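See structure below.
The values are calculated or read from the model by the stated rules, or taken from the named source; none is laboratory data. This one's a predicted model, so the numbers in the text were calculated from it and none came from an experiment. Virtual Cβ from ideal backbone geometry, glycine too; neighbours counted across all protein chains shown. With ligands, DNA and RNA removed, areas are computed over all heavy atoms of the protein, side chains included. Shrake-Rupley method; radii C 1.70, N 1.55, O 1.52, S 1.80 Å.
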Amino acid sequence: SKTPMTKENIRLLAVARMAVRPDSVVWDVGAGTGSVSAACAMAAWQGQVWAVEKEPEALDLIRQNRKALGLWNLRVVEGEAPAALADLPKPDCVFIGGSSGSMADIFQTVLEKNPAARICLTAVSLESLTDGLDCMKRFGLADVDVTQISAAQARNLGRYRMMMGQNPVWILSGEGRP
């Protein structure tokens, strides 16, 4: 599939940064393949996870992964944020994997629903990094953390293993103020 997937090491850090609890209500906005949604659904096994995605191919992948992993606390929402967020329950934590240029509107919607929500986002472009930092400042998030990760995975090449670098990723997180 051409749908982007958040790599394992990034997913683990994002779930930790959101402080997902067993009973958390989590939104994954711009869910892509649903890899972060799935990780959150495993962590919030008594809670609810809402995977919001607009691309049909990605929505199919999320549904397939949900079924394969038996994650019945994971709900799939077809639509574009922020409009697709209107009817969702108040989130404890929100992951923004994609915003399609609507990051400020997504932040606004999240913080209107829960002024104390924890927000985490990943950025692979300088523009997304800048937008994310601007939103965290503009909306007054507390305990803002920015981490940049560059990882490499071993890949078998004949009898050798070669380390293949992945794109650097920024992980931004912060907490709203009640």
Treating each Cα of segment 10-52 as an identical point scatterer and ignoring solvent, apply the Debye formula and state log10 I(q)/I(0) at q = 0.18, 0.21, 0.32, 0.34 Å⁻¹.
-0.39, -0.54, -1.21, -1.31
Given charges of +1 on the Cβ of Lys and Arg and -1 on the Cβ of Asp and Glu, with all other atoms neutral, how large is the dipole of segment 111-171 about its Cα centre, in debye to the nearest 20?
440 debye
How large is the direction-averaged shadow of the alpha-carbon convex hull of segment 1-102, in nm²?
5.8 nm²
Using a 10 Å cut-off on Cβ atoms, rank the peptides 31-37, 56-62 from the highest mean neighbour count down.
31-37, 56-62
Which label in (1) 10.3; (2) 13.2; (3) 27.3 gives the computed mean projected area of the Cα convex hull in nm²:
(1)
For the pair residue 21/residue 9, report the inter-label distance in nm, with labels modelled 7 Å from Cα in the Cβ direction.
3.1 nm
Using only DSSP helix segments of four residues or longer, with each worth -39500 (n - 2.57), what per-residue ellipticity at 222 nm results for the chain after dividing by its residue count and rounding to 500?
-10000 deg cm²/dmol
Solvent-accessible heavy-atom area per residue, rounded to whole Å², over segment 69-178 at 1.4 Å:
55 Å²
Strictly greater than 21 Å: what percent of every Cα pair in segment 91-178 meets that?
37 percent
Rounded to whole Hz and in sequence order, give me ³J(HN,Hα) for segment 162-178 from the Karplus expression 6.51 cos²θ - 1.76 cosθ + 1.60, θ = phi - 60°, writing x for Gly and Pro.
10, 7, 10, x, 9, 4, x, 10, 9, 10, 10, 8, x, 10, x, 10, x
Peptides 136-142, 159-165 ordered by average Cβ neighbours within 10 Å, highest first:
136-142, 159-165
What Kirkwood hydrodynamic radius do you get for segment 46-119 when you take the inverse of the mean 1/r over all pairs of distinct Cα atoms, in Å?
12.9 Å
Search the structure for amide H atoms under 5 Å from the amide H of residue 47, placed 1.01 Å from N in the peptide plane, and list their residues when 5 or more places away or on another chain.
24
